[in-house]
Amino acid sequence: MDYSEFSFAPPSRLDAWLNSLRLGHADDKPRIAVSACLTGQPVRYDGGNRYDGTVARVLRRWLLLQEYCPEMAIGLGVPRPPIQLVRTADGLRVRGVADSQQDVTHALRGFADTLPASLSGAVLKARSPSCGVDNTPVWAEQGEPLGTASGAFAARLSERAPLLPMISEPALARAEQVELFVLQVYCYRQYQRWGAGEWLVTVRDAVAEWKVEAVRAPLLAYLERVLD
Ligand code: SF4
């Protein structure tokens, strides 16, 4: 992704929104989980990475990035045989592509449970059997494609904290999407600190006045979920 696509030179519209909503400041950034391959770490099965400038550079202005590679964390090394998401009679499993006896579903879900509950969001690599968020190819045991689902690590994170803002890197391709995600993370951090209190109604009423529909509508929908 091209970092130069974004014109976030301070003071940006996002800074102005965060200030007006009183959701935090530059010395008090929320911490989010990030797939380590997106920041350039050589942790993919083939020893490569999937560096993404928006994640590694743009987001850092507002967020602290805590990098994780679930597959490395459960002891799969580099290089390692690829794994995939398979629908079985026991539900979705993460298995070896070449060795269907290899099943790392439990280990990946268990690793998700070790992440701190204080994390306020996650940006995870798309289409990964571990990290994908609703976009990972699912295969039948016989090998036919069966649509998409979340990877085992991402699915467990979402089960643990259903309101946690969680996104794949292709969904940060436009400035409004970056703004929306950062705003959701700051709102979630406020929710972690204060619960769904009066602040949430104040923020919702202020956002309802915003003119940028691409941010206003989805942020209001998110705030309604938090208020529920
Ligand atoms: S997608 Fe997730 S599991 Fe795969 S290399 Fe990146 S961080 Fe590791």
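The values are calculated or read from the model by the stated rules, or taken from the named source; none is laboratory data. Remember, predicted model here, so these are calculated numbers, not experimental data. Please note: Cβ atoms are built from the backbone with ideal geometry, for glycine as well, and neighbour counts cover all protein chains shown. Just so you know, the surface numbers come from the protein's heavy atoms only, side chains and all, with ligands and any DNA or RNA stripped out. Shrake-Rupley method; radii C 1.70, N 1.55, O 1.52, S 1.80 Å.
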Among beta bridges assigned by DSSP with both residues in the chain, the antiparallel ones amount in percent, to the nearest 5, to 45 percent
Note to self: with every protein chain in place and a 1.4 Å probe, region 3-227 gives an accessible area per residue in Å² of 47 Å²
Relative contact order %, region 96-228, counting alpha carbon pairs below 8 Å whose residues are six or more apart: 20 percent
Using a 1.4 Å probe on the protein heavy atoms only, what accessible surface does Ile32 show? Give it in Å² to the nearest 10. 0 Å²
Before rounding to the nearest 500, sum -39500 (n - 2.57) across all DSSP H runs of length at least 4 in the chain and divide by the residue total; then give [θ] at 222 nm in deg cm²/dmol. -10000 deg cm²/dmol
Computed E for Glu176/Arg87 - FRET, C-beta separation, R0 30 angstrom, nearest 0.05: 0.30
So, taking all protein chains as they sit and a 1.4 Å probe, how much accessible area belongs to Met72, in Å² rounded to tens? 80 Å²
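Would you mind computing the Rg to Rh ratio of region 122-228 from its alpha-carbon coordinates, Kirkwood style for Rh?
For region 122-228, the value is 1.06.
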Top to bottom by accessible area (1.4 Å), largest first, where do Asp52, Asp27, Asp113 land? Asp27, Asp113, Asp52
Report, in degrees rounded to the nearest 10, the 0 to 90 angle that the Cα long axis of helix 175-194 makes with the longest principal axis of the chain. 80 degrees
From a point 7 Å beyond the Cα of Glu144 in the direction of its Cβ, which residues of region 70-108 have a backbone N at a distance under 19 Å? 85-93
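I'd like the Kirkwood hydrodynamic radius of region 3-227, using the inverse of the mean 1/r over distinct C-alpha pairs, in Å.
About 18.4 Å for region 3-227.
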Which cross-chain or sequence-distant (5 or more) residues have an amide H under 5 Å from the amide H of Thr148, H modelled 1.01 Å from N in plane? Val138
Kindly state, to the nearest 0.05, the FRET efficiency for Ala196 paired with Val97, given R0 = 35 Å and r defined as their beta-carbon distance. 0.20
Please list Phe111, Phe181 in order of solvent-accessible area, largest first, computed with a 1.4 Å probe with all protein chains present. Phe111, Phe181
Ignoring any ligand, DNA or RNA, what whole percent of the accessible area of the chain comes from carbon and sulfur when the probe is 1.4 angstrom? 50 percent
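Could you order Tyr222, Tyr45, Tyr191, Tyr68 so the one with the most accessible surface comes first? Probe is 1.4 Å.
Greatest to least solvent exposure: Tyr45, Tyr191, Tyr68, Tyr222.
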